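Q: First the structure, which I've put down as structure tokens, then a few questions once you've had a look.
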Amino acid sequence: MAKPASTPLPFRVFYGAEDFFLDRAIERAKQWEGRRVTVLDGEEDSERDIVAACVMPYVDDEPGSKRVIIVDNAGKLKGDRGLRSYIDSKDRLDDTAILVAIVRSEKLSEVWQTAASKGQSFEHKKLLTWDNKNQVVDWIGKEAAACGITLGADLSKTLYNGVGNDLYRLASEIRKIALLVGDGGKPTLKDLQLVVTASPSAEPWQVAEAAVAKDSRRAMRLVSTVYKNMGDEALVPVVNALMRQIEKLVVARQMLDRGASEEEIAAGADMTRGRLFYFLPMVRKHDLRTLVGHMVRLCKLDVNVKGAANSKRTLVELAVLAIAGEGVAA
Amino acid sequence: MVMLDEVQGQEDGVRHLRRVVAGQLVSPLLLVGEEGTGRRFATLQAIREMFCTGTRRPDCSCPDCIQVTAGAHPDLMIVEATDKDIGIDSIRDALERAGSFPAVAPVRVFLIDGADRMTVPAANALLKTLEEPPRTTRFFLLTDNERRVIPTIRSRCGRVSFGRLPESFILSVLSQHCEDHGKALVYCRIAEGSLGRAVRYWGSGRLGLRDKVFSILTLGSKRDFASLFTAIDALGKEIPLSLRFLEQLLLDLAMIQYDPTRIINRDIADKLSALRVNDAVRERLVAGLRDIRASHRTTHIVLPFHVKTLFATAFGV
């Protein structure tokens with residue numbers, strides 16, 4: 001029997017690492033019209049509670065009433081027999097209870113895979129900000145359009161540079177801009193400067209990239225921002241990012257010296273051709289002997305940062321300067 | 001034949017344990033030896049001898065012997081390091097019972113397996129009791145790294161050494177399971193005098209990992225960093241064991257020029273002879289391995305990056 005187009009499927013599974021979209025899915029599900037909404041949490045409620053919320057009648061239920069059960073952190077549930085049998089036995093045409101599962105991880109457990117196969121699944125991966133494709137900047141444009149304003153690529157980039165990649169903050173700033181310029185408005189740089197509170201964010205990989213690009217000022221500014229945002233916890237990720245970058249540089253530099261083609265270098269350094277296009281100029285700024293010296297230095301730094309060394313931040317800064325600058329000993 | 005007669009190849013250790021069983025030695029003992037050399041087995045056999053209410057023979061199945069073997073005897077307290085170090089709470093919990101009289105056995109025994117893995121507060125909590133142990137209490141502290149046991153603990157214990165087991169003994173045990181004598185001999189040698197390691201390596205086919213390490217050495221000699229780094233990444237969690245195998249291969253490279261019969265990895269002697277690793281590179285690799293071991297004494301985890309650096313520096317640019 002064909003399913004009527006208007007009947008919603010009994011299961012909706014949202015999953016992925018981008019919390020913003022998952023939270024938004026919860027907010028949207030909460031506003032489902034004509035249905036009683038129950039919100040449960042996989043960290044606190046059991047499978048039995050979820051099945052009960054789906055099937056048990058409420059005292060004030062009216063005939064034919066429908067409901068939405070939202071289960072946040074559904075990935076924390078192991079999926080016992082009761083929940084499995086509820087999902088297995090649920091008729092795809094039965095829309096009296098719609099179960100919205102929010103799985104905050106990139107993989108679905110078996111029970112939610114089954115639910116997704118009987119309903120719909122929506123994956124929300126973390127938006128990429130590296131390589132030559134910044135998905136957050138693209139998203140800013142779309143979000144602005146959804147708020148009724150037009151934000152061009154340049155202004156989207158400016159907003160990203162000022163606010164960072166926190167989608168919650170970006171969404172708030174976009175709403176503020178929309179309120180300022182009004183529906184259908186086209187904000188200018190001045191509007192942005194008026195509304196947005198700049199609080200730059202930085203990721204450890206950006207520090208590493210600036211260091212290997214020998215942009216010592218930017219690298220030091222980014223170290224400072226990362227440290228300001230994350231505190232001492234920033235040091236290990238920064239060192240890891242430096243190690244990854246140097247490792248790729250060593251491979252690429254050696255292949256370049258041996259006359260390898262760009263395809264071969266891209267494969268050897270495990271990156272796309274597009275990424276290599278940006279990476280090769282950095283490679284050309286280093287020689288293999290110095291890079292191997294940086295590897296030795298980073299090994300010592302790794303041990304110091306994870307151990308009980310004093311002034312760990314200074315040690316990291318010295319390493320960044322040694323990579324970014326010339327003749328600075330760390 | 002008593003239970004301690006079951007322990008083979010550790011005459012010195014057994015002699016001390018017999019004195020404990022006879023009541024001639026009551027001070028705490030620090031049993032030092034690599035894993036798989038029979039430290040724990042010998043200690044448990046000694047405890048069985050002390051606690052046994054049956055025949056006192058190795059095959060005795062009295063309730064006390066069964067409980068000791070299962071680590072569930074009421075007068076035997078076993079504290080051991082697993083993936084975590086031994087914390088102060090574990091030691092305090094065990095020591096709470098040290099002052100009371102044994103429930104059924106003539107003495108109460110504390111077995112701390114991994115004395116080097118005690119945190120400093122845990123070791124300090126143990127000190128006072130070790131200094132003046134109750135007359136009805138015996139302490140056995142087991143370690144494979146004596147230098148990591150704090151000096152104040154070491155000075156309060158009698159030291160009993162469990163050396164490497166003879167090759168012939170390990171080979172005789174392995175030969176019961178492994179029909180290929182040549183392979184059994186290689187497993188015996190890569191285990192370096194530890195029966196536990198030999199059996200474990202054989203059971204999980206560790207020669208495969210040894211072969212991977214050899215291929216990494218080959219890639220290093222070709223100075224092909226892209227393939228070398230990929231191969232090192234593929235080692236994953238096996239890096240600590242890989243470094244042990246690497247050290248053995250380097251030893252073989254030094255030895256093969258003088259006496260090929262004494263090398264560990266006899267099955268790949270031809271490949272080792274053909275490998276182009278000169279003495280300078282070998283020495284740099286050995287020194288690098290020593291550095292890695294020294295610098296990771298506290299952090300424990302060796303990242304692939306450290307191994308890559310080891311090869312990149314040793315083989316030069």
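Bear in mind these aren't lab numbers, they're just calculated from the coordinates by the rules spelled out. None of these values were measured; they are calculated from a predicted model. Note that each Cβ is placed from the backbone with ideal geometry, even for glycine, and that neighbours are counted across all protein chains shown.
Q: All other residues with a Cβ under 10 Å from the Cβ of A:Met255 taken together, and with Lys, Arg as +1 and Asp, Glu as -1, what is their net charge? Before the final figure, lay out the partial values.
A: On the way: positive: A:Arg253, A:Arg258; negative: A:Asp257, A:Glu262, A:Glu264, B:Asp224.
Computed value for this residue: -2.
Q: Looking at the calculated P(r) for the range B:129-181, what percent of the C-alpha pair distances fall above 19 Å? Walk me through the intermediate numbers first.
A: Details: 721 of 1378 pairs.
Percent of Cα pairs beyond 19 Å in the range B:129-181: 52.
Q: Using r as the Cβ-Cβ distance of B:Glu146 and A:Ala52, and R0 as 45 Å, what FRET efficiency do you calculate, to the nearest 0.05?
A: After rounding, the FRET efficiency stands at 0.15.
Q: In vacuo Debye scattering of the range B:166-317, one point per C-alpha: log10 I(q)/I(0) at q = 0.12, 0.13, 0.18 Å⁻¹?
A: Here log10 of I(q) over I(0) equals -0.51, -0.60, -1.11.
Q: Next up: Label-point separation (nm) for B:Ala70 and B:Arg200, each offset 7 Å from Cα along Cα-to-Cβ?
A: In this crude spin-label approximation the distance works out to 2.5 nm.
Q: Which ³J(HN,Hα) values, rounded to whole Hz and listed in residue order, are derived for the range A:92-99 from phi using the Karplus coefficients 6.51, -1.76 and 1.60 in 6.51 cos²θ - 1.76 cosθ + 1.60 with θ = phi - 60°, glycine and proline given as x?
A: Result, ordered by residue: 4, 8, 7, 10, 5, 10, 10, 9 Hz.
Q: Roughly how compact is the range B:5-75, stated as its Cα Rg over 2.2 N^0.38 Å to two decimals?
A: With N residues counted in the range B:5-75, Rg over 2.2 N^0.38 Å equals 1.08.
Q: Using a Förster radius of 56 Å, what is the FRET efficiency between A:Thr7 and B:Asp211 based on their Cβ-Cβ separation? Nearest 0.05, please.
A: Working from the Cβ atoms, E equals 0.40.
Q: Hey, another quick one. Put one equal scatterer on each alpha carbon of the range A:271-317, apply the Debye formula with no solvent term, and list log10 I(q)/I(0) at q = 0.14, 0.23 1/Å to two decimals.
A: Each listed q corresponds, in turn, to -0.53, -0.83.
Q: Now, a different point. Quantify how strongly other chains surround peptide A:292-304 by giving the mean number of their Cβ atoms within 10 Å of each of its Cβ atoms.
A: 5
Q: Zone of A:Ser105 (label point 7 Å along Cα→Cβ, backbone N under 12 Å): which residues in the range A:78-92?
A: A:78-79
Q: Further question on the same structure: Can you tally the net charge around A:Ala241? Count Lys and Arg as +1, Asp and Glu as -1, for every other residue whose Cβ sits under 9 Å from the Cβ of A:Ala241.
A: Spelling it out: positives minus negatives among the neighbours equals -1.
Q: Once amide H atoms are built 1.01 Å from N in the peptide plane, which residues 5 or more positions from B:Arg138, or in another chain, come under 5 Å H to H?
A: It is B:Arg108, B:Val109, B:Phe110, by chain and number.
Q: So, one more: Using a cut-off of 10 Å between beta-carbons, work out the net charge of the residues near B:Gln45 (Lys and Arg +1, Asp and Glu -1, B:Gln45 not included).
A: -1
Q: Relative contact order for chain A: what is it in percent, counting Cα pairs under 8 Å that are at least 6 residues apart?
A: Relative contact order of chain A: 15 percent.
Q: Using alpha carbons only, what's the Rg to Rh ratio of the range B:215-261 with Rh from Kirkwood? Show your work: numbers first, answer last.
A: Numbers: Rg = 12.4 Å, Rh = 11.7 Å.
Here Rg/Rh amounts to 1.06.
Q: Right, here's the next one. Which of the peptides A:39-45, B:229-235, B:246-252 is most tightly packed, and how do the rest follow, judged by the mean count of other Cβ atoms within 10 Å per residue?
A: B:246-252, B:229-235, A:39-45
Q: Bins of 5 Å, beginning at zero and ending with the bin holding the largest distance: percent of Cα pairs per bin for the range A:14-64, please.
A: Calculated P(r), rounded to whole percents: 4, 15, 21, 24, 21, 10, 4, 1.
Q: Another question about this same structure. Please give the FRET efficiency for B:Met255 paired with B:Arg92, using the beta carbon to beta carbon distance and R0 = 51 Å, rounded to the nearest 0.05. Kindly include the intermediate steps, with their values, before the conclusion.
A: Numbers: r = 49 Å, r/R0 = 0.96.
The calculated FRET efficiency here is 0.55.
Q: Kindly give Rg over Rh for chain A, based on alpha-carbon atoms, with the Kirkwood expression for the hydrodynamic radius.
A: 1.08
Q: Please give the per residue volume of the convex hull enclosing the alpha carbon atoms of the range A:80-153, rounded to a whole number of Å³.
A: It comes to 130 Å³ per residue, whole-number rounded.
Q: Still on this structure: Which three lengths, in whole Å and largest first, does the protein assembly as shown cover when its Cα atoms are put on their principal axes?
A: Its Cα atoms span 94, 74, 53 Å along the three principal axes.
Q: Can I ask one more? If you average 1/r across every pair of different Cα atoms in the range B:17-173 and take the reciprocal, what Kirkwood value do you get, in Å?
A: Evaluated over the range B:17-173, this radius sits at 16.0 Å.
Q: Run lengths n ≥ 4 of DSSP H only: what is the helix-derived mean residue ellipticity at 222 nm for chain A, with -39500 (n - 2.57) per run over all residues, to the nearest 500?
A: Working: 15 runs with 181 residues, N = 330.
For chain A, the value works out to -17000 deg cm²/dmol.
Q: Rounded, prolate or oblate, given the Cα gyration tensor of the range A:109-188, with a/c below 1.5 counting as rounded?
A: Details: a/c = 2.97, a/b = 1.86, b/c = 1.60.
Since a/c reaches 1.5 and a/b is larger than b/c, the shape of the range A:109-188 is classed as prolate.
Q: For the range A:236-285, build the convex hull from the C-alpha positions and give me its volume per residue in Å³.
A: Details: hull volume 3.5 nm³, N = 50.
Expressed per residue, the convex hull around the Cα atoms of the range A:236-285 is 69 Å³.
Q: I would also like to ask the following. So for each of A:157-168, B:137-148 I average, over its residues, the number of other beta carbons within 10 Å; can you give me the resulting order with the highest mean first?
A: In descending order of packing, they fall as B:137-148, A:157-168.
Q: What is the diffusion coefficient of the range A:204-245 in µm²/s, taking the Kirkwood radius over Cα pairs and the Stokes-Einstein relation at 25 °C with a viscosity of 0.890 mPa s?
A: Answer, rounded: 251 µm²/s.
Q: Now for a separate question. Could you name the aspartates and glutamates whose alpha carbon sits less than 19 Å from that of A:Lys214, not counting residues in the same chain fewer than 8 places away?
A: A:Asp131, A:Glu203, A:Glu247, A:Asp287, A:Glu317, A:Glu326
Q: Going by average Cβ neighbours within 10 Å, how do the peptides A:255-262, A:79-86, A:53-60 rank, with the highest at the top?
A: Ranking, from highest mean packing down: A:79-86, A:255-262, A:53-60.
Q: Averaging the inverse of every distinct alpha carbon separation and then flipping it gives the Kirkwood radius. What is it for the range A:157-312, in angstrom units?
A: This gives a value of 18.0 Å.
Q: Another question, then. Using a 10 Å cut-off on Cβ to Cβ distances, tally the other chain neighbours for every residue of B:173-183 and report the average as a whole number.
A: Mean shielding by partner chains, rounded to a whole number: 0.
Q: Regarding chain B, what whole-number volume in Å³ per residue does the convex hull of its Cα atoms give?
A: 144
Q: Between the range A:217-258 and the range A:152-182, how many Å separate their Cα centres?
A: Rounded to whole Å, the Cα centres lie 28 Å apart.
Q: So what J values fall out for the range A:215-230 if you push phi through Karplus, 6.51 cos²θ - 1.76 cosθ + 1.60 with θ = phi - 60°, rounded to Hz, Gly and Pro as x?
A: Calculated HN-Hα couplings, in order: 9, 5, 4, 5, 4, 5, 5, 5, 4, 4, 5, 4, 5, 5, 7, 10 Hz.
Q: Hey, got the average number of other protein chain Cβ atoms within 10 angstrom for residues in B:303-313?
A: Details: counts 7, 2, 11, 8, 1, 8, 13, 3, 0, 9, 5.
Other-chain Cβ atoms within 10 Å of each residue's Cβ, averaged: 6.
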